[in-house]
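Here's the structure we're looking at; comments come further down.
The values are calculated or read from the model by the stated rules, or taken from the named source; none is laboratory data. This one's a predicted model, so the numbers in the text were calculated from it and none came from an experiment. Glycine gets a Cβ as well: all are built from the backbone with ideal geometry, and neighbour counts include every protein chain shown.
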Amino acid sequence: MGIRIILIGAGNVAVQLGKTLVKSGGEVIQVFSRTPASAQALAAGLKAGYTNEIGKIGNDADLYIISVADDAINGLTEEINFGKKPVVHTSGTVSMDVLNRVSENYGVFYPFQTFSKSRDVSFKNIPVCIEANNNTTLELLKKLAVSVSDKVYKISSEQRKVLHLAGVFACNFPNFMYSIAETAQKAQSVKPSEAQTGPAVRGDEKIIETHLDLLGQYPGFRDLYRIISSEIGRKRGGVGS
């Protein structure tokens, strides 16, 4: 593959994506995280450099992948600029255009899957959704995506928002049901409480409000979304607690 990558972020998605990129022939040359221990831990596994200082992010990558919490992306884009170097984020809900002040070439690389640091996954059957502001960047993302997944799709930011909402219903909510049914925990390799992901567990009110707006014409689903999100947040000390 031969693409030199800098990962900005060291959370669940960054950990699993970084491992997969290296296994597929990519080269992660640096990891940035504001938490030094997180940056160091991920970088060690990827045999990469690391930094927790934003001014020390390298300028020699072919691609910069921003993989941080959705509500942190805006603030981050005010602190970085990579000129013409391609930059993407991995969010399911944030518009691609938030990156237009970071680089002339930007896009989205969104794996449609929930991730945990402690549970490795195979990307081969994980849908990877890509979007870019120009064809050159799109081709770069396509090259990267097909190296890790057999299911690559070009979709718009609006389509991605709806897809992310569907994922919350299809994955995050059923996982919470397992955490209620204690007897089912014995069948899990990771406890449901540890595997729980999604906006409610992160306390991400902005994404929750976006999802509720999308469900405006479906009051039954809207109420269900609100109730389950509130319970997830209450249990984990996030939204609704």
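Let's see how each residue does on (1) touching a residue at least 24 places away in the same chain (Cβ under 8 Å); (2) within 16 Å of residue 9 (Cβ to Cβ):
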| position | (1), (2) |
| --- | --- |
| 74 | yes, yes |
| 77 | yes, yes |
| 80 | yes, yes |
| 84 | no, no |
| 97 | yes, no |
| 100 | yes, no |
| 109 | yes, yes |
| 112 | yes, no |
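Does segment 57-67 contain any residue that is under 28 Å from residue 207 (Cβ atoms) and free of Cβ contacts under 8 Å to residues at least 40 places away in the same chain? No: zero hits. Can we say residue 123 is at pLDDT below 90 and farther than 17 Å from residue 4 by Cβ? Considered against the rule, which asks whether it is at pLDDT below 90 and farther than 17 Å from residue 4 by Cβ, residue 123 comes out as no.
Quick check: anything in segment 46-62 within 29 Å of residue 161 (Cα to Cα) and in a loop (DSSP other than H, G, I, E, B)? Give the steps one after another, and end with the answer.
To start, the set of residues in segment 46-62 that are within 29 Å of residue 161 (Cα to Cα) comprises 54, 61-62.
Right, trim to in a loop (DSSP other than H, G, I, E, B) and you get 61-62.
The answer is yes; a qualifying residue exists.
With respect to residue 102, is the statement that it is touching a Phe, Trp or Tyr at 6+ places or on another chain (Cβ under 8 Å) and part of a strand (DSSP E or B) true? Judged against the criteria, residue 102 is not a match. Against the numbered list (1) outside any helix (DSSP H, G or I); (2) modelled with pLDDT under 80, residue 183 comes up short only at (1).
Per-residue answers, yes or no, for (1) more than 18 Å from the chain's Cα centre (by Cα); (2) in the same structural domain as residue 120 (by TED's automatic domain parsing); (3) within 17 Å of residue 110 (Cα to Cα); (4) not in a helix (DSSP H, G or I):
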residue: 20; (1), (2), (3), (4): no, yes, yes, no
residue: 29; (1), (2), (3), (4): yes, yes, no, yes
residue: 39; (1), (2), (3), (4): no, yes, no, no
residue: 71; (1), (2), (3), (4): no, yes, yes, no
residue: 82; (1), (2), (3), (4): yes, yes, no, yes
residue: 85; (1), (2), (3), (4): yes, yes, no, yes
